[in-house]
Amino acid sequence: MTIHIPFDNSYAALPEGFYSRTLPTPVAAPSLIAVNRELAAILKIDLPKDDTELARTFSGNVVPEGAAPLAQLYAGHQFGQFNPQLGDGRAILLGETIGQDGVRRDIQLKGSGPTPYSRRGDGRAWLGPVLREYVVSEAMHALGVPTTRALAAVRTGEDVIRETMLPGAVLTRVAASHIRVGTFQIFAARRDGAALEQLYDYTVQRHYPDATDPGDLLQKVIDRQATLVAHWLSLGFIHGVMNTDNCTLSGETIDYGPCAFMDAYDPQTVFSSIDRFGRYGYTSQADMIVWNMAQLATALLPLMPDPEAAVEQFTEQVHAMPALIQSEYERRFAAKIGISDPRPGDKELVTDLLTRMHANSADFTNTFRALSDGTARDQFTDPAAFDAWATGWKSRLGDEPDPQALMRRTNPAVIPRNHRMEQMIAAAVAGDDAPFHRLNAVLAHPFADNPEAEDLRRPPTPSEVVPATFCGT
Ligand SMILES: Nc1ncnc2c1ncn2[C@@H]1O[C@H](COP(=O)(O)OP(=O)(O)OP(=O)(O)O)[C@@H](O)[C@H]1O
């Protein structure tokens, strides 16, 4: 019995120039690690109980009826360098479904074998990044951040060669779409106006049906990306590889390769081992998303009736983005300290707290969470530094209706801490998936007090600190 997925494919109806039809390459011995039944229900997929069947489908060994497997074409700026052709080198879009909520979503296998865009890669993924993406993308969803999601993870029963031999795995990723800034860039770079027009029409229809013209589409994407990055900042999230091929038109977070949440607050934090110049560090993310939107603007320009004249308008739109991010950042951080309706002076209150947190190596997540239970001073090496700040803060909160409730739904108790992710991956490589399942279960309720998960709230001890996150694809 094969799994029935109610496909309703639209990308495959675009001309072949947008993708290559490619089948997944079967693997030796697929075994199921996890399947996300809640998400499957949203997608209207009726999952069998049988793990063997699930593993066969979500490894790519069996292609479900109605799928139209393809690898998507795109380009992208990687660390500032334009690569004129990338494309899914190890991912295959099976197709789309229209979910219970009426939303169209992609179902994609990642690590399912080579495609025409694999270049020198093997088309595969190893277990570590698959589990990392599964846990962090689902945690982000539970935190309320727009993101791609994880439907399944499967061991392939084959090793992949990285620096050493590592167990292979396939992730089934679900996304509002996989249209990236780089998808527009490839056709703009090729001066293929017809393809650009088709992609524009497709994107508008799929994501922004009320967009009136390319400038309006640009603005809508800018708005979503500004909100998204401010949301990341408010959670101490560092994406780590904000290349234009990892920047979606839908406004969802995509690609959890070298991402991490920071522990002690330090605005200069950079995690990714491949980010040697700190291009995508915590604070730089606000600049980098503007840079990415400038690349989108450039790619959309040829669609304007008078591109020369549109340069000025698009430039203004991009230049206005930092203020959008800033105001969203201020709103989110005000909420983190219990302020629902920010007014002049609140910004300085937040900055003052952050400065003191930095000086005291206070844990980002735990300090904000502790504001609502009265223990925040314990997070500071010099608790008097907190007390000095708290006097002004408490008097400001006098005007707020219910600051405790606001803080408790804004400041998570638990996040996927990097050292826990590394421990979880090491356990899974050794054959123990219990830490993976436990992280998923706890992170599904990040704003709840969960006495049984206290250990997952603790920052790393010095020996547990993970200084760099290896992309280690
Ligand atoms: N093992 C591999 N084999 C073939 N291509 C690869 C491999 N690893 C990465 N690539 C390709 O290199 C490019 C950049 O990789 P990156 O790590 O940003 O993407 P990814 O994690 O594979 O995919 P996505 O951006 O869809 O999450 C992508 O085009 C990707 O398909």
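The values are calculated or read from the model by the stated rules, or taken from the named source; none is laboratory data. As the structure is a computational prediction, the values presented were derived from the model and not from experiment. Note that we place each Cβ from the backbone using ideal geometry, even for glycine, and neighbour counts take in every protein chain shown. Surface areas here come from the heavy atoms of the whole protein model, side chains and all, with no ligands, DNA or RNA. Shrake-Rupley method; radii C 1.70, N 1.55, O 1.52, S 1.80 Å.
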### Query
What's the carbon and sulfur percent of the chain's accessible surface, probe 1.4 angstrom, rounded to a whole number?
53
### Message
Once you place label points 7 Å from the Cα toward the Cβ at F79 and A29, how far apart are they in nm?
### Response
3.8
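Ordering V145, V311 from largest to smallest accessible area (1.4 angstrom probe), what's the sequence?
V311, V145
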### Message
Taking the Cα centre as origin and putting +1 on Lys and Arg beta-carbons and -1 on Asp and Glu beta-carbons, what dipole magnitude results for the stretch 330-410, to the nearest 20 debye?
### Response
220
## Note on the structure
Within the stretch 1-89, DSSP-loop trypsin sites (Lys or Arg not before Pro) with at most 15 other C-beta atoms within 10 Å are K44, K49
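Kindly provide the helix-only [θ] at 222 nm of the chain, computed as the sum of -39,500 (n - 2.57) over DSSP H runs of four or more divided by all residues, to the nearest 500 deg cm²/dmol?
Values: 16 runs with 191 residues, N = 473.
Taken over the chain, the calculation gives -12500 deg cm²/dmol.
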### Task
Classify the stretch 11-175 as rounded, prolate or oblate, taking a ≥ b ≥ c as the square roots of the eigenvalues of its Cα gyration tensor: rounded when a/c is under 1.5, otherwise prolate if a/b is larger than b/c and oblate if not.
rounded
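What's the ranking of 202-208, 281-287, 66-72 by average number of surrounding C-beta atoms within 10 Å, highest first? Don't skip to the answer; put the middle values down first.
Working: 202-208: 17.6, 281-287: 19.4, 66-72: 21.6.
Output ranking for 202-208, 281-287, 66-72: 66-72, 281-287, 202-208.
With every protein chain kept in place and ligands, DNA and RNA left out, what is the accessible area per residue of the stretch 330-410? Probe 1.4 Å, answer in Å².
For the stretch 330-410, the per-residue accessible area is 47 Å².
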### Summary
Kirkwood radius from Cα pairs of the stretch 330-410 plugged into Stokes-Einstein at 37 °C, 0.692 mPa s, gives D in µm²/s equal to 264
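Using only the Cα atoms of the chain, build the gyration tensor, take square roots of its eigenvalues as a ≥ b ≥ c, and label the shape rounded, prolate or oblate: rounded if a/c is under 1.5, else prolate if a/b is larger than b/c, else oblate.
On the way: a/c = 1.84, a/b = 1.24, b/c = 1.49.
Since a/c reaches 1.5 but b/c is at least a/b, the shape of the chain is classed as oblate.
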### Query
Accessible area of S463, 1.4 Å probe, to the nearest 10 Å²?
110
### Message
Bins of 5 Å, beginning at zero and ending with the bin holding the largest distance: percent of Cα pairs per bin for the stretch 180-238, please.
### Response
4, 17, 22, 21, 16, 10, 8, 3, 0
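In nm, what is the difference between 0.36 nm times the number of residues separating A41 and T355 and their Cα-Cα distance?
Details: separation 314, 0.36 × 314 = 113.04 nm, distance 4.48 nm.
Contour length minus Cα-Cα distance gives 108.6 nm.
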### Query
Which residue, chosen from T253, H207, L151, occupies the Cα position most advanced towards the positive end of the dipole of the chain, where the dipole is computed from +1 (Lys, Arg) and -1 (Asp, Glu) charges on Cβ about the Cα centre?
L151
### Query
Using a 1.4 angstrom probe with every protein chain in place, what is the largest-first accessible-area order of F447, F277, F58?
F277, F447, F58
